[in-house]
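**Student:** Take a look at this one; I'll ask things after.
The values are calculated or read from the model by the stated rules, or taken from the named source; none is laboratory data. This one's a predicted model, so the numbers in the text were calculated from it and none came from an experiment. So basically every Cβ, Gly included, is an ideal-geometry build from the backbone, and we count neighbours across all protein chains shown.
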Amino acid sequence: MKRALRLLPLIALASAPVSAAEPPTPQQIRAFLAEYGACVVKREHDLAQKSVLSGASFSRESAEGKRLMQRECMSEELLRNQANGFAGRLRMRFDEDTYRGVIAEALIVKDNAVLNQAALPTVPVLAYEEPRPLRTTDREGKAIPEESLARQRAAIARKTQAMLMGRLGECAVRAAPAQSRAVMGTAIDTPAELQALNALGPTLGQCIKAGETVSLDRVSVRGALAIAYYRLSQAKPSGAIQ
């Protein structure tokens, strides 16, 4: 079983530089994400919590999305690095679980979330949104064009990956809660972070079921651990009074 615990280029960027400056590095992007998560939790705590625990829209066309993606937390200034040359405008697009991961980690810090390891076995398995089946015909029974089918397949693939990463994070946190929390206690892009992730490697490997294909990198693994840890820390054990 192959695992890759290194930062991979999973982030889609579109930039319009004002000069020939280099685009931001992966380290700058991760720093931006950390700042974004902390900013959203500070300004919109309840909505940030909803985005992790029960889902909230990140679409800029929705009221929730506008608050989660507000300009005050998405300032391009956070990605300026005059010393290294980057000084262009940047429009960033991430998948929603990337946003949720950094928000969850900021919530863990802000709320001082602690997982009750003794009660953990009694906490029900978390729910995840599953991808919808591929639709090959429309409501009138006509065949859907291949271009639309391709978009559906891409959306299904993204949703499947998100679901698998969610379950992977939960499995790892349940199996090794202290080691999972230790990952989030390290600074990003440091040897300590890599060491903590590598220590968790055997657990992650055991959590990947036969036949599953999951792309692992520092951003996605750390985000999945943060989401699972926060969700489990807020979950009620079976039989507990709501």
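**Student:** Could you check, for the stretch 201-213, whether at least one of its residues is touching a residue at least 60 places away in the same chain (Cβ under 8 Å) and either of a type in the set (Lys, Arg) or within 20 Å of VAL109 (Cα to Cα) (or both)?
**Tutor:** no
**Student:** For the condition without any contact (Cβ under 8 Å) to a residue 12 or more places away in the chain and closer than 27 Å to GLU44 by Cα, what is the one hit in GLY166, GLY185?
**Tutor:** Of the residues listed, the single one that is without any contact (Cβ under 8 Å) to a residue 12 or more places away in the chain and closer than 27 Å to GLU44 by Cα is GLY185.
Listed here are the residues, each with its yes/no results for (1) among the hydroxyl-bearing types (Ser, Thr, Tyr); (2) closer than 16 Å to ALA162 by Cα.
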{"residue": "ALA196", "(1), (2)": "no, no"}
{"residue": "PRO202", "(1), (2)": "no, no"}
{"residue": "GLY205", "(1), (2)": "no, no"}
{"residue": "THR213", "(1), (2)": "yes, yes"}
{"residue": "VAL219", "(1), (2)": "no, yes"}
{"residue": "LEU225", "(1), (2)": "no, yes"}
{"residue": "ALA228", "(1), (2)": "no, yes"}
{"residue": "ARG231", "(1), (2)": "no, yes"}
{"residue": "LYS236", "(1), (2)": "no, no"}
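**Student:** For the stretch 120-130, check the following and say yes or no: at least one residue is at pLDDT below 95, part of a loop (DSSP other than H, G, I, E, B), farther than 30 Å from LYS236 by Cβ and among the charged types (D, E, K, R).
**Tutor:** No.
**Student:** Condition first: at pLDDT 95 or above, of a type outside the set (A, V, I, L, M) and more than 22 Å from GLN28 (Cβ to Cβ). Can you find one or more residues in the stretch 219-230 that meet it?
**Tutor:** Yes, that holds for at least one residue.
**Student:** If THR122 passes every condition in (1) of a type outside the set (A, V, I, L, M, F, W, C); (2) touching a residue at least 40 places away in the same chain (Cβ under 8 Å); (3) within 23 Å of ILE103 (Cα to Cα) but one, which one does it miss?
**Tutor:** (3)
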